[in-house]
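Below: one structure, written as structure tokens.
Just so it is clear, none of the values below were taken in a lab; they were calculated from the coordinates. Remember, predicted model here, so these are calculated numbers, not experimental data. We place every Cβ from the backbone using ideal geometry, glycine too, and count neighbours over all the protein chains shown.
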Amino acid sequence: MAQEASSSTSSKTISLKTGDGEIFEIEASAAKQMKTVQRLIDDLGDDITIPLHNVFSKELPKIIEYYKKDITGEITKDFEAEFVKDLNDDEVKVLFLAANYLDANKLFEFLSQNIADRLESKSVEYVRKYFGVENDFTPEEESKLREERAWSFRGIKEDE
Amino acid sequence: MKKIISGNKYSNDHLIYEILVIIFTTLSVVDLAIASMVCKSWNLASRSPKLWKKLDLSILSLKGMNEPLRPFAWMDQYSSQKITQFLKYTSSLSGGTISCIIFNYNVYLRDMHLISIAERTPNLKRLVLPISGNISKIGIETALRSWRGLKSITITSMVHYINLFDAIEKYCTNIVCLKFTYCFEQDHAKSLVKYTPNLKVLSIRSMRVNMRGLCYVLNNLEHLKVVNLRHSIILDKFDDELRIYSIFDVLSRVNISCKIIVCQRRSCLRCKNENMRNSRRLSNGSLEEIWREDEIICLAH
């Protein structure tokens, strides 16, 4: 992207380097939305390539795509639906954690809503698998929960 | 959103807690209860007070699965017991912070449901009752004894108003908002003036309203700020003759400073819905809308 001769920051681009060594460019105004990046710019200056150790070349382009739309004010429900449509559960999770690392609030909240939608009406086992979470309840605690769990509303008149 | 960059376990746990609470805020109460059983850290996050200001049972599933569609739902003993268990479990997660309870419109409410949730929600300020159920005099009194701070109620025909107002007289001196959903008669008006003298907000929209009862509350409730009469029919019987009145007939008989809401075609919710609705829609649908909607924001949900 060409840089203006004047010192306005609206068309300045920032270079980001992912954890696996690839470099991507974003506009300075988009970088402002990612507070982690902005902090690094403040510390290191905006002429240096900003290193992002925890974000990789698979997800960064998607994030950049989101914020490109955001700075033009074009984020609509349709865009958001399209954005997550082809993502599988793992990809959403990875994006979500990256958005958290980058402190990119808007994307973070949008994705957390999307994850909540994906968990809706699912069983405890499914949710554990989805997040890769281990069941760390003791057998006593587990059996106490299983009693209380008998109330599950999934088919209140049938067995689970 | 807090951001912690260091890598030690304590800060990671804190991070997980905050992230989970954010995800959980959009879950329905049923899914939140499921989430609380996944593991210990999820259990902890599911107890965050941020998630428990309101217990909304009117939406059991965001995708509309397994939603009871008609009143008197889940009346059998097995289902009723399950409901009690669920109410006890969710209120134990809440740690007593629940300040608003919205019962599911169609699910049959029994004494034991009301009493067991009341015992665990001492900070309740707003109560929205369902359309079907069987609440006895003792049931409502026991419940209101736990809910002395109650300020706002959506009343349905499920509790007899005499029992309700007797209980209000004994335990709830702070009622300031009321919404009726079936009809408004002179006896209701007398109860209001006698037992809820501090009433500020009254909604009696979309129903039959007795003329003398209406004038009585307008003239005698000194603190009344707003009354919603949108789409209500004001009528009365004199010498066996039923007459319908307009809002102007009412205004000429009372001396008030409160605001009265009536239908103003363009901005009216009901008129808007009417245009979008097809003529074959079941009346039950619109009854639930009456229960749910209100131009007064604190009485809508």
Worksheet item: So for chain B, what percent of the C-alpha to C-alpha distances run longer than 23 Å?
Response: 61 percent
Discussion item. Inside 10 Å of the C-beta atoms of A:111-121, what's the mean count of C-beta atoms belonging to other chains?
Written reply: 6
Fill in: Rg and Dmax [Cα atoms of region B:197-261; Å; Rg one decimal, Dmax integer]
11.5, 34
Fill in: Cα gyration tensor category, rounded, prolate or oblate, for region A:42-85 with a/c compared to 1.5
oblate
Response to the item:
The equivalent-ellipsoid semi-axes of region A:76-139, taken as the square roots of five times the Cα gyration tensor eigenvalues and listed largest first in whole Å, are 24, 14, 9
Fill in: Relative contact order (%) - chain B, alpha-carbon pairs under 8 angstrom, separation at least six
10 percent
Practice prompt. Figure the gain on full extension for B:N163 and B:D240 (residue separation times 0.36 nm, minus the Cα-Cα span) and round it to one decimal in nm.
Written response: 24.8 nm
Worksheet item: Which whole-number percent is the relative contact order of region B:90-212 (Cα, under 8 Å, 6+ apart)?
Response: 20 percent
Worksheet item: Along the positive direction of the dipole of chain B (beta-carbon charges: Lys, Arg +1; Asp, Glu -1; about the Cα centre), which of B:Y245, B:L218, B:V21 reaches farthest?
Response: B:V21
Worksheet item: Pairs A:K144/B:K54; A:K12/A:K68; B:K53/B:K194; B:K170/B:K194; B:K53/B:K125: which exceed 20 Å Cα-Cα?
Response: A:K144/B:K54; B:K53/B:K194
Response to the item:
Placing +1 on each Lys and Arg Cβ and -1 on each Asp and Glu Cβ in chain B, then taking the dipole about the Cα centre, the residue among B:N104, B:I162, B:H188 whose Cα reaches farthest towards the positive end is B:N104
Worksheet item: According to the Cα gyration tensor, what semi-axes, each the square root of 5 times an eigenvalue, does the equivalent ellipsoid of the protein assembly as shown have, listed from largest to smallest in whole Å?
Response: 50, 30, 20
Worksheet item: Given R₀ = 45 Å, FRET efficiency for B:K190-B:R47 by Cβ-Cβ distance, to 0.05?
Response: 0.50
Worksheet item: What share of the DSSP beta bridges in the protein assembly as shown is antiparallel, in percent to the nearest 5?
Response: 25 percent
Practice prompt. Please work out the FRET efficiency for the pair B:S286 and A:T138, using the Cβ-Cβ distance as r and a Förster radius of 45 Å; give the result to the nearest 0.05.
Written response: 0.30
Fill in: Number of partner chain Cβ atoms within 10 Å, mean per residue of B:19-27
5
Item to complete: Please list, in chain and number order, the residues 5+ apart from B:S203 or on another chain whose amide H is under 5 Å from its amide H, with Hs placed from the backbone.
Response: B:L178, B:K179, B:F180, B:N228
